[in-house]
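The values are calculated or read from the model by the stated rules, or taken from the named source; none is laboratory data. Fair warning: this is a prediction, and the values are worked out from it, not measured in the lab. Note that we place each Cβ from the backbone using ideal geometry, even for glycine, and neighbour counts take in every protein chain shown. For the accessible areas, the whole protein counts, side chains as well, though only heavy atoms, and no ligand, DNA or RNA atoms are used. Shrake-Rupley method; radii C 1.70, N 1.55, O 1.52, S 1.80 Å.
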Amino acid sequence: MSLSIGIVGLPNSGKSTLFNALLKRQIAQVGEYPYTTIEPNVGVVEVPDERLDKIAAVANINKKVPASIKFIDIAGLIKGAHAGEGLGNQFLAHIREADAILHIVRVFENPSVLHPYQKIDPIIDVETVNQELELASIKKPTIYVLNVSEKDLKKAMPAGRQDFSLPFSFIKICAKLEAELSDLSESEQEGYLRELGVDPSAHSTNSGQASSGLDQVIVESYKLLNLITFFTIVGGKQTQAWPIKNGANIIDAANLVHTDFAKHFIKAEVILVGDLLSVGGWKNAKEEGKIRLEGRDYIVKDGDVIEFKIG
Ligand SMILES: Nc1nc2c(ncn2[C@@H]2O[C@H](COP(=O)(O)OP(=O)(O)O)[C@@H](O)[C@H]2O)c(=O)[nH]1
Ligand SMILES: [Mg+2]
């Protein structure tokens, strides 16, 4: 089951805009979440991971199943939400169900988009929302996303974090731009970013990595949920990335893949992705003795490629 991130923030901070951009990354069918039964405000979004592509390439496999997490677009909170203001109780109940919070903060200026308190002030806005969460006794891990204008995105490249001094760490994106970009092909995206004067290779990143702001939001949300990834290669036909809690045991991993794998577990053959790639695939790894045998006490590591042996 995918863990979920609830998108919270004041009204008009850009929650739905970001959600819509993320929805374009929604995978059509994810385990027990067939597309048609997903609620309109829930998106099951694929987690970008180039390791999966590399495994598929080295194993000569077409079918790749990425890890996924759920994003939930929650209606805006306002002052007094904890006491029921603006349907607050209902929204807070939605937040309570989420496993972590993505707190979106408005920085973009646009006189035609009303701010509920008539002033763009990220610090006060964050305090307002956090106070409501606190009064409603909601504590979960939180990631902050500053929703800046296209202009600010450009100005701050490539070392984004310095130009706003806020007492918390954050990712900076322009939700409107991300939503627009997600409608375009990769080459069109580059052209569009150039037109806006944003360096496509550095757009939205403040870690020096070349990835889109949206990718970064997904990857950081995944980390916030304390998830790591292990991989399976099934019958030489399909490779899959599986999210699992950091610190989980090999039996938990087996259980995710198939309950029978956990029930009848004997041992697991395990190799790190990097080692698998460097020897050129599973067969070579076996021949070169690079595959480890692990028993039921083994703690799964990020990047483990696992084959379960059952009796
Ligand atoms: N200029 C600008 N407008 C934005 C941005 N993000 C959202 N908006 C606009 O702000 C309005 C409210 O956005 P929405 O996502 O519906 O806010 P929500 O109430 O938090 O869900 C919409 O008209 C958006 O187009 C942004 O990054 N830049
Ligand atoms: Mg909305």
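Here are the numbers:
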| read-out | value |
| --- | --- |
| Enclosed volume per residue, in Å³, of the convex hull spanned by Cα atoms of region 55-107 | 128 |
| Cross-link pairs LYS70/LYS223; LYS263/LYS283; LYS263/LYS286; LYS24/LYS140 - those with Cα-Cα distance over 24 Å | LYS263/LYS283; LYS263/LYS286; LYS24/LYS140 |
| Positive-end extreme of charge dipole, the chain - chosen from GLY236, GLY86, LEU196 (charges on Cβ) | GLY236 |
| Inter-probe distance in nm under a simple model that places probes 7 Å from Cα toward Cβ, at ASP121 and LYS309 | 6.5 |
| Solvent-accessible area of TYR117 with every protein chain in place, 1.4 Å probe, in Å² to the nearest 10 | 70 |
| Distance histogram in 10 Å bins (all Cα pairs of region 247-310, percent per bin) | 24, 50, 25, 1 |
| Accessible area (Å², per residue) of region 247-310, counting only protein heavy atoms and a probe of 1.4 Å | 52 |
| Among PHE230, PHE265, PHE168: highest mean-square fluctuation, GNM of the chain, C-alpha pairs under 10 Å | PHE168 |
| In Å, descending, principal axis extents of the Cα set of region 210-288 | 40, 31, 23 |
| Where Rh is the Kirkwood radius over Cα pairs, Rg/Rh for region 62-139 | 1.08 |
| Alpha-carbon Debye profile of the chain, log10 I(q)/I(0) at 0.10, 0.12, 0.14 Å⁻¹ | -0.64, -0.87, -1.10 |
| Approximate spin-label separation LYS54-LYS237, in nm, with each point projected 7 Å along Cα-to-Cβ | 2.7 |
| Listed residues ALA100, ALA81, ALA175, most fluctuating in the chain (Gaussian network, C-alpha, under 10 Å) | ALA81 |
| Heavy atoms of TRP242 accessible to a 1.4 Å probe, total area in Å² rounded to 10 | 40 |
| Summed side-chain charge close to LYS237 - residues other than LYS237 whose Cβ falls under 15 Å, Lys, Arg +1, Asp, Glu -1 | +1 |
